[in-house]
Amino acid sequence: QVQVVESGGGSVQVGGSLRLSCTASGYTFSRLTMAWFRQAPGKEREGVATAGVGTFTKYSDSVKGRFTISKDNAKNTLYLQMSSLKPEDTGMYYCAANARAYFSSGALPLRPPEFDSWGQGTQVTVSS
């Protein structure tokens, strides 16, 4: 089925930026709905942002205005550009995908049960 691999994590100072990448294979990339999730130790996995088929996007309130999700269909790659990073952004970031279509930004999923293909995660650490 769909194989998902994340990369680009690392350590950064408060206020800094990072760009995460996620490649997906095994399905027509442009037809995938893809999302970023994150999980800190002892905390529940939370949705960060979703990119649907086309240009629809959805963000959690905690990252809106600071993070940008985008897809490059020519490279089969999903990106998460993270700026103005805060310590609370620290966590393991996961890329996820499903092969379902949504017809508005508001309809895009941002909960783990709504995705069936997952990467292994890439660590992001933000420190002061």
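None of the figures in this text is laboratory data; all of them are computed from the coordinates on show. Since the structure is predicted, the reported quantities are computational estimates derived from the model, not experimental observations.
General observations
- Alpha carbon Rg of the range 26-116, scaled by the compact-globule rule 2.2 N^0.38 Å: 1.04
- In straight-distance terms, cross-link reach from residue 64 covers every one of the lysines whose alpha-carbon lies under 19 Å from its own, apart from those fewer than eight places away in the same chain; here that gives 86.
- Per-residue ³J(HN,Hα) for the range 114-123, Karplus 6.51 cos²θ - 1.76 cosθ + 1.60, θ = phi - 60°, Hz, x for Gly and Pro: 8, 10, 10, 10, 9, x, 8, x, 9, 7
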